[in-house]
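Notes to accompany the following structure.
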Amino acid sequence: MDENKLERYFEIPMIIFGILVLPVLYIQMTSTNPLLRGIAFVIDILIWLAFVIEFVTMISITKDKKQYVKNNWLNLAIIVLSPPLPLRALPGFEALRIIRVLRVLRVFVVLSRGTKGFKKFYAKNSVNYVLYLTVILVFICGFIFSLFEKGKSFFDGIWWAIETVSTVGYGDIAPLTPAGRALGIVLIFLGIGFMSMLTAAISAYFVEKDSNREMKQILEKLEALSKDIEELKKSK
């Protein structure tokens, strides 16, 4: 099967598996029900296996394997750094739950890779695209923050994520747990990138708008000049 075609087949399932990380994290970190925790652990294993299957399948059919690993290093990091371990049973390893956020980041990789149609949308609507990804980033990190920080609501998490991404940092809400601080580090670096992209996209939009207006004026002047030349030729 064609490599690009197979890659597109994996896109939607991997987005679904990436989003499933959120309810699994919520159950594992808040629920005391053994049955629910058992179900979450099984789903956790299935999510991890999905990433393994995709990576192994893709690297087995690609011709340039080194280049594939270089372009998909995040996929490999997800597999190596986020195995489905029963962390509650491992003293001192509770903070490693933050590593599972790597699987959620896989959603952004898939979205940025996209299909041809989505790439066309991105080319024409870069501002919408970057804004869309920024909103997703804020909601995901806000949700995870509310899981890591006891006593913080989902709204508190969203407020903290917006403060962090926008680099405002009022300081009224701050992470206190190791996992929350690790999430903050990830969000700071991602936030700087996304806000830079958003600023650049907005600037490019207005520059392109001005360029189109100037080009339209130039074309109108050329058209008028062409008509004047035609009239001069006729008068001769």
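The values are calculated or read from the model by the stated rules, or taken from the named source; none is laboratory data. In this text the structure is predicted, and so the values were computed from the model without any measurement. So basically every Cβ, Gly included, is an ideal-geometry build from the backbone, and we count neighbours across all protein chains shown.
Whenever a residue of region 3-26 is at negative phi, its partners that are part of a helix (DSSP H, G or I) and of a type in the set (Lys, Arg), lying with C-beta atoms within less than 7 angstrom and at least six residues away or across chains, give the pairs 14/106; 18/103; 18/106; 21/100; 21/103; 25/97; 25/100. Tally the residues that are among the basic types (Lys, Arg) and within 21 Å of residue 199 (Cβ to Cβ), restricting the search to region 129-162. Going through region 129-162 one residue at a time, the tally reaches 0. Regarding residue 218, is this residue part of a helix (DSSP H, G or I) and within 19 Å of residue 133 (Cβ to Cβ)? The answer is no for residue 218.
Here residue 145 qualifies as outside the structural domain of residue 15 (by TED's automatic domain parsing), within 30 Å of residue 29 (Cβ to Cβ) and either at pLDDT below 80 or more than 16 Å from the chain's Cα centre (by Cα) (or both). When region 136-153 is filtered for residues that are within 14 Å of residue 190 (Cα to Cα) and free of Cβ contacts under 8 Å to residues at least 40 places away in the same chain, the ones remaining, listed by number, are 136, 138, 139, 142. If you go through region 172-199 and keep only what is without any contact (Cβ under 8 Å) to a residue 24 or more places away in the chain and touching an Asp or Glu at 6+ places or on another chain (Cβ under 7 Å), you end up with just 173.
Are any residues in region 53-85 of a type in the set (Phe, Trp, Tyr) and within 20 Å of residue 9 (Cβ to Cβ), and if so, which ones? Steps first, answer last, please.
Taking region 53-85 and keeping what is of a type in the set (Phe, Trp, Tyr), we get 55, 68, 73.
Answer for region 53-85, where residues must be of a type in the set (Phe, Trp, Tyr) and within 20 Å of residue 9 (Cβ to Cβ): 55, 68.
Checking the condition assigned to a helix (DSSP H, G or I), closer than 29 Å to residue 29 by Cβ and modelled with pLDDT of 80 or more, which residue from 176, 133, 190, 183 passes?
Exactly one of 176, 133, 190, 183 is assigned to a helix (DSSP H, G or I), closer than 29 Å to residue 29 by Cβ and modelled with pLDDT of 80 or more, namely 183.
Does residue 9 meet the test of being out of contact with any strand residue (DSSP E or B) (no Cβ under 7 Å at 6 or more places or on another chain), at pLDDT 75 or above, of a type in the set (Ser, Thr, Tyr) and part of a helix (DSSP H, G or I)? Here the answer is yes, as residue 9 does meet what is asked. Tell me yes or no: at least one residue of region 155-165 is in contact with a helix residue (DSSP H, G or I) (Cβ under 7 Å, 6 or more places away or on another chain), modelled with pLDDT under 80, surrounded by 15 or more Cβ atoms within 10 Å (Cβ to Cβ) and not polar (S, T, N, Q). Scanning region 155-165, I find no residue that is in contact with a helix residue (DSSP H, G or I) (Cβ under 7 Å, 6 or more places away or on another chain), modelled with pLDDT under 80, surrounded by 15 or more Cβ atoms within 10 Å (Cβ to Cβ) and not polar (S, T, N, Q), so the answer is no.
Do we find that residue 168 is on the phi < 0 side of the Ramachandran plot and in a loop (DSSP other than H, G, I, E, B) in this structure?
Criteria met by residue 168.
Screening the candidates 97, 88 for the property of being at pLDDT below 60, surrounded by fewer than 17 Cβ atoms within 10 Å (Cβ to Cβ) and outside the structural domain of residue 150 (by TED's automatic domain parsing) yields one hit, 88.
Report yes if residue 57 is under 14 Å from residue 3 (Cβ atoms), crowded, with 17+ Cβ neighbours inside 10 Å and among the β-branched types (Val, Ile, Thr), otherwise no.
The answer is no for residue 57.
For region 47-68, the set of residues classified as under 21 Å from residue 26 (Cβ atoms) and touching a residue at least 24 places away in the same chain (Cβ under 8 Å) consists of 47, 48, 50, 51, listed by residue number.
For region 158-174, the set of residues classified as closer than 13 Å to residue 143 by Cα and of a type outside the set (A, V, I, L, M) consists of 159, 160, listed by residue number.
Among 196, 211, 203, which is the only one that is hydroxyl-bearing (Ser, Thr, Tyr), under 16 Å from the mean Cα position of the chain (by Cα), in a helix (DSSP H, G or I) and farther than 30 Å from residue 150 by Cα? If you could, list the steps in order and put the result at the bottom.
Values: 211 fails: under 16 Å from the mean Cα position of the chain (by Cα); 203 fails: under 16 Å from the mean Cα position of the chain (by Cα).
Result: 196 is the single residue among 196, 211, 203 that is hydroxyl-bearing (Ser, Thr, Tyr), under 16 Å from the mean Cα position of the chain (by Cα), in a helix (DSSP H, G or I) and farther than 30 Å from residue 150 by Cα.
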